[in-house]
1. Across region 54-64, what is the total count of residues that are open to solvent by 40 Å² or more (accessible area, probe 1.4 Å) and small (G, A, S)?
2. Kindly establish whether I93 is open to solvent by 80 Å² or more (accessible area, probe 1.4 Å), in contact (Cβ under 8 Å) with a residue 40 or more places away in the chain, out of contact with any strand residue (DSSP E or B) (no Cβ under 9 Å at 6 or more places or on another chain) and not charged (D, E, K, R).
3. Would you kindly identify the helices (runs of 4 or more DSSP H) lying entirely within region 16-117 that contain at least 1 residues that are at pLDDT below 70?
Amino acid sequence: MTSMLRNVILASLAVAVFGTTFALAQDEATAEGAVEATEEVVAAATGPTIGRGLAVLGAGLAIVGAAIGIGLIGKAGAEATARQPEAGGRIFILALITAAFIEGATLFALVVAITAG
């Protein structure tokens, strides 16, 4: 179990390092085009509207809901491990997978809220 967790952590670090390296390894014309596109998006998104306000509210609710859900998972995992210490490894894995699903759903909700505004 510890080797699997170690491999997952190392793979995540590798993706973070290589992803950043590939993002920074672009030619100057591509970088200038990305800056111009970002400026256009920011210019189009300026100005308050009710839709943007509701999108921000929805994003906040998604984050609060995820925080509560992950907190409940941690609480239940700690209680279950206290009741059956020999099953602690399996409980940890299940709690980690469930928390990952919650994080994925939260990320999806944030993307939808940002694009809806």
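1. Taking region 54-64 as the starting set, the residues that turn out to be open to solvent by 40 Å² or more (accessible area, probe 1.4 Å) are 54, 56-57, 61, 63-64.
Now restrict to residues that are small (G, A, S): none.
Looking only at that region, the number is 0.
2. no
3. On the way: elements: 28-44, 50-83, 88-116.
So the answer is 28-44.
The values are calculated or read from the model by the stated rules, or taken from the named source; none is laboratory data. Since the model is a prediction, treat every value here as computed from it, not as a measurement. Note that we place each Cβ from the backbone using ideal geometry, even for glycine, and neighbour counts take in every protein chain shown. Just the protein is used for accessible areas: all its heavy atoms, side chains included, with ligands, DNA and RNA removed. Shrake-Rupley method; radii C 1.70, N 1.55, O 1.52, S 1.80 Å.
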